[in-house]
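Bear in mind these aren't lab numbers, they're just calculated from the coordinates by the rules spelled out. Keep in mind that what you see is a predicted model, and the values were worked out from it rather than measured. All Cβ positions, even for glycine, are placed from backbone atoms using ideal geometry, and neighbour counts span all protein chains on display.
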Ligand SMILES: Cc1cc2nc3c(=O)[nH]c(=O)nc-3n(C[C@H](O)[C@H](O)[C@H](O)COP(=O)(O)O)c2cc1C
């Protein structure tokens, strides 16, 4: 079996599909499903989202310069899909999905209560790329759901049943195959 040539395209999967919340200058909130997102820097903490200018949310993003990336779970999959196929121009996506809007700590855009992680962002730069414009943003605050914390202060996102997106389909995360550095970690000697 050999390799088949594919035309250059977006083949970087799986990805997180997130719900990005925005608030426009008139105070109207909206949610948009985004898969073109990624961490771009650890220190300072930065991420990017890429959005087509024709999206209703685009205006709120450019005029406010703020947004929240809300991570999604299996229980939120229907809402996640809905927010990616209906426009806030025509529907109130909070009312339609039943997701709960809560105040963010540092930005005007709301956070989603049901999300295990809410990443509050302020746009540093907008880069027009073509079909999508990339919003490079500083992470200015993060909140996490305390129910996924352990007694030692560790956070367990896997307990929230996160969803991933791959070639048009939403999937569960699956089981662990090892943790960071396991391939070189020395095995602890058993005490006899
Ligand atoms: C799984 C999924 C991922 C999506 N990812 C993006 C994306 O990264 N960028 C984008 O501009 N639109 C993306 N979309 C499409 C928008 O979410 C969709 O057009 C949405 O209805 C726009 O909402 P709005 O008009 O209220 O802003 C995605 C849709 C789905 C279902």
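The table that follows gives values for the structure above.
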item	result
Mean ellipticity per residue at 222 nm, deg cm²/dmol - from DSSP H runs of n ≥ 4 across the chain, formula -39500 (n - 2.57)	-2500 deg cm²/dmol
Cα-based Kirkwood hydrodynamic radius, the chain, one decimal, Å	18.1
Descending semi-axes in whole angstrom, ellipsoid equivalent of the range 80-185, from the Cα gyration tensor	27, 19, 19
Segment residue 106-residue 6, extension gain: residue separation times 0.36 nm, minus the distance between their alpha carbons	31.6 nm
Burial ranking of peptide ranges 72-79, 96-103, 107-114, 37-44 (average Cβ count within 10 Å, highest at the top)	107-114, 72-79, 96-103, 37-44
Convex hull of Cα atoms in the range 49-100, direction-averaged projection (nm²)	4.0
Alpha-carbon centroid distance for the pair the range 144-174 / the range 66-106, whole angstrom	17
Rough spin-label spacing in nm, given labels placed 7 Å along Cα→Cβ, for residue 158 and residue 42	2.1
